[in-house]
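Here is the structure we will look at, set down as structure tokens.
The values are calculated or read from the model by the stated rules, or taken from the named source; none is laboratory data. This one's a predicted model, so the numbers in the text were calculated from it and none came from an experiment. Methodologically, a virtual Cβ is constructed for each residue, glycine included, from the backbone with ideal geometry; neighbour enumeration extends over all protein chains shown.
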Amino acid sequence: MEPEENLTHTWLKDSWNFYLDNFTRIAPAVAAYHILATFPALLIWKHFDNRWYALPYEIFIAGPLAIGMNLFFINLSRGRPAEYGDIFRGFSVFFTAMAVSLVYGLIVASGFLLLIVPGVIWGIMYGFSQYCVTDRKTGIRESFVFSTIITYGFKDRLFPVFMLWALIELFTPGIMGARGTLVHPVLTLDLKPWAVIISALKAFIFLPWLDIAMARAYVWLVKNYEAERAGKGTDGPGESA
């Protein structure tokens, strides 16, 4: 096992090198995900001139695809044969994963409404709950319990990875935007060269790199938990995997 004081650097550095070494395998999966998850929703939004019409597609199609991408990166991080079909495996745990995502979002939002610090802590503590659903087929409660267990004592190492991902996801300018009212949000596109380049870098370089870092962190934490459990001779959640 990697020395714990070097974990954050190792997760980020090794994930970057891994992505570059396996770019020709990972990039097509990322492209397929964006084509299947993003473009149809944009076409629906553009056609009806209102994002609310695209929401069902984003929930019932793009949501499971995002879950499947998590499994794709987890399998890659374990050195297993990661198949492009992994992208679609989120549909097999759709309802549980969607429930976990909804509860996770409510917990984090509540934490930020109280104070920023609880939101960050809860975000990291339960940050792998959706990974558990996909990887270990855990139930809703078990997913949050297992994420809490494996992240215990490692939140400071996970904090830079989570925050870097969140900052890039939330604050990087993109080509898509919205104007209008909450009831009638209208699609806007910024196709200036710099906006297109930044969006491409975000979608195909930085977010996949950090997705791999998150997956590698999850895999390390699971191994660490299983090693400790084996030493103590005790059982834990998620034994169906």
Filter pass, Ala27 being surrounded by 14 or more Cβ atoms within 10 Å (Cβ to Cβ) and without any contact (Cβ under 8 Å) to a residue 60 or more places away in the chain: no
For segment 149-168, indicate whether the set of residues that are over 20 Å from Arg216 (Cα atoms), modelled with pLDDT of 90 or more and either of a type outside the set (Gly, Ala, Ser) or in contact with a Ser or Thr (Cβ under 7 Å, 6 or more places away or on another chain) (or both) is non-empty. no
Odd one out for Tyr57 among (1) surrounded by 17 or more Cβ atoms within 10 Å (Cβ to Cβ); (2) under 24 Å from Tyr218 (Cα atoms); (3) not aliphatic (A, V, I, L, M): (2)
So which residues in segment 39-54 are surrounded by 20 or more Cβ atoms within 10 Å (Cβ to Cβ) and not in a helix (DSSP H, G or I)? Ala54
Out of the residues in segment 87-117 that are within 25 Å of Arg216 (Cβ to Cβ) and without any contact (Cβ under 8 Å) to a residue 24 or more places away in the chain, state the one that is nearest to the chain's Cα centre (by Cα). Gly105
I need the full set of residues from segment 118-138 which are over 15 Å from Val222 (Cβ atoms) and surrounded by 18 or more Cβ atoms within 10 Å (Cβ to Cβ), in order please. Val120, Trp122, Gly123, Ile124, Met125, Tyr126
Out of Asp14, Asp86, Asp21, report the one residue that is touching a Phe, Trp or Tyr at 6+ places or on another chain (Cβ under 6 Å) and among the acidic types (Asp, Glu). Asp86
Scan segment 19-50 for residues that are under 28 Å from Ile74 (Cα atoms) and among the acidic types (Asp, Glu) and jot them down. Asp21
Exactly one of these conditions fails for Ser147: (1) within 20 Å of Leu164 (Cα to Cα); (2) not in a helix (DSSP H, G or I). Give me its number. (2)
Yes or no: Ile124 closer than 30 Å to Ala200 by Cα, of a type in the set (Val, Ile, Thr) and either free of Cβ contacts under 8 Å to residues at least 40 places away in the same chain or in a loop (DSSP other than H, G, I, E, B) (or both)? yes
Search result, residues across segment 69-121 that are hydrophobic (A, V, I, L, M, F, W, C), closer than 30 Å to Pro28 by Cα and not in a helix (DSSP H, G or I): Ala82
Regarding Phe91, is this residue surrounded by fewer than 20 Cβ atoms within 10 Å (Cβ to Cβ) and within 28 Å of Arg179 (Cα to Cα)? no
Scanning segment 168-225 for residues that are among the basic types (Lys, Arg) and out of contact with any strand residue (DSSP E or B) (no Cβ under 7 Å at 6 or more places or on another chain), the one surrounded by the fewest Cβ atoms within 10 Å (Cβ to Cβ) turns out to be Lys192
